[in-house]
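Asks: Questions regarding the structure given below will be posed in turn.
The values are calculated or read from the model by the stated rules, or taken from the named source; none is laboratory data. The model shown is predicted, which means the values in this text are computed figures rather than measured ones. Don't worry about glycine lacking a Cβ; one is built from the backbone with ideal geometry, like all the others, and counts go over all protein chains shown.
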Amino acid sequence: MPRARGRRPAGSHTREDIACAAKRQFAELGYPRTTLRGIAREADVDTRLVTHYFGSKQNLFASVVELPFEPDALVEDLIAAGPEAVGHKLATLVLSTLSQPEARQTLTGLVRAAASEDEAAALVRRFLTDRLLTPLARLLGSDHPELRAGLIGAHMTGFLVGRYVVEFPGLNEVSDHDLADAIGPVLQHYLTGDLGGRASA
């Protein structure tokens, strides 16, 4: 007996089909323009099934996002030129990554999602601090590596929001090379400098 017209019901591959549609739309349309209704339409399911499997749009994004680089593989490369150059190399890496539209959409969407979804926030912490920044600070022999990682993570996410979400004047009028020269010493201080006060106690 043929199925009645309308969206197909939940089945063994429904979650995977939704995730595949979401992954494609987030990559092509960006986070703001992607909707749960559009994802449901592509996956040929009712929108209620999307929320059943994934909850909110933010949670769905955090579940399907592909990070633009593998943090574990970058740590050794960042310290290859010596401890005194790590801050500038890290700033250059961040800026070169954000210059790629798809990577920028992914990271901006992830930070937006992290503002309201615990799972997205946990993903950002694992990606930035647990797998990249804390191991980097430890390899450099710095004290308080978790604090240093947190300071850098806050600086980097704040820069991303300031330049690409709030669009503070001036940040888009400076070349990435000049921005790396400005940001690099700040990141270097967070990684290897004296944090002062109780942070160094």
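Asks: Applying the selection to the range 84-112, what residues are small (G, A, S) and free of Cβ contacts under 8 Å to residues at least 12 places away in the same chain?
Replies: Matches in the range 84-112: A85 only.
Residues checked against (1) surrounded by 20 or more Cβ atoms within 10 Å (Cβ to Cβ); (2) out of contact with any Lys or Arg (no Cβ under 7 Å at 6 or more places or on another chain); (3) in the same structural domain as R126 (by TED's automatic domain parsing); (4) closer than 21 Å to A122 by Cβ:
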residue	(1), (2), (3), (4)
G30	no, yes, no, no
I39	yes, yes, no, no
D46	no, no, no, no
F54	yes, yes, no, yes
Q58	yes, yes, no, yes
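Asks: Could you say whether any residue in the range 85-92 is over 24 Å from V186 (Cβ atoms) and either part of a loop (DSSP other than H, G, I, E, B) or of a type in the set (D, E, K, R) (or both)?
Replies: Scanning the range 85-92 turns up no residue that is over 24 Å from V186 (Cβ atoms) and either part of a loop (DSSP other than H, G, I, E, B) or of a type in the set (D, E, K, R) (or both).
Asks: Determine which single condition A81 fails, assuming it passes every other condition in (1) in contact (Cβ under 8 Å) with a residue 12 or more places away in the chain; (2) farther than 19 Å from A149 by Cα; (3) assigned by TED's automatic domain parsing to the domain that holds R138; (4) surrounded by fewer than 20 Cβ atoms within 10 Å (Cβ to Cβ).
Replies: (1)
Asks: Restricting to the range 78-107, count the residues that are among the hydroxyl-bearing types (S, T, Y) and modelled with pLDDT under 85.
Replies: Counting residues in the range 78-107 that are among the hydroxyl-bearing types (S, T, Y) and modelled with pLDDT under 85 gives 1.
Asks: Inspect the range 167-175 for any residue being at pLDDT below 95, touching a Gly at 6+ places or on another chain (Cβ under 6 Å) and of a type in the set (F, W, Y) and give the result as yes or no.
Replies: yes
Asks: While we're looking at this one, here's another question. Test I39 against the stated conditions and say whether it is over 25 Å from D17 (Cα atoms) and modelled with pLDDT of 85 or more.
Replies: Values: over 25 Å from D17 (Cα atoms): no; modelled with pLDDT of 85 or more: yes.
No, not satisfied.
Asks: Which condition number in (1) touching a Leu at 6+ places or on another chain (Cβ under 9 Å); (2) closer than 19 Å to G109 by Cβ; (3) modelled with pLDDT of 90 or more is the one that G158 fails?
Replies: (1)
Asks: If you don't mind, there's one more thing I want to ask. Is it true that G141 is in a helix (DSSP H, G or I) and more than 17 Å from L93 (Cα to Cα)? Steps first, please.
Replies: Numbers: in a helix (DSSP H, G or I): no; more than 17 Å from L93 (Cα to Cα): yes.
No.
Asks: A further question follows. Hey, does the range 164-187 have a residue that's out of contact with any helix residue (DSSP H, G or I) (no Cβ under 6 Å at 6 or more places or on another chain), β-branched (V, I, T) and part of a helix (DSSP H, G or I)?
Replies: Checked the range 164-187: at least one residue is out of contact with any helix residue (DSSP H, G or I) (no Cβ under 6 Å at 6 or more places or on another chain), β-branched (V, I, T) and part of a helix (DSSP H, G or I).
Asks: Quick one: A154 ticks every box in (1) assigned to a helix (DSSP H, G or I); (2) of a type in the set (A, V, I, L, M, F, W, C); (3) surrounded by fewer than 18 Cβ atoms within 10 Å (Cβ to Cβ); (4) touching a helix residue (DSSP H, G or I) at 6+ places or on another chain (Cβ under 7 Å) except a single one, so which number is it?
Replies: (4)
Asks: Out of L160, L187, L140, L147, I need the residue that is over 23 Å from the mean Cα position of the chain (by Cα) and assigned by TED's automatic domain parsing to the domain that holds A91. Which one?
Replies: Of the residues listed, the single one that is over 23 Å from the mean Cα position of the chain (by Cα) and assigned by TED's automatic domain parsing to the domain that holds A91 is L140.
Asks: Out of everything in the range 101-119 that is touching a Ser or Thr at 6+ places or on another chain (Cβ under 9 Å) and more than 12 Å from M156 (Cβ to Cβ), what residue ends up being surrounded by the fewest Cβ atoms within 10 Å (Cβ to Cβ)?
Replies: Among them, the one singled out is S116.
Asks: Is it fair to say R5 is modelled with pLDDT of 90 or more and basic (K, R)?
Replies: Numbers: modelled with pLDDT of 90 or more: no; basic (K, R): yes.
Considered against the rule, which asks whether it is modelled with pLDDT of 90 or more and basic (K, R), R5 comes out as no.
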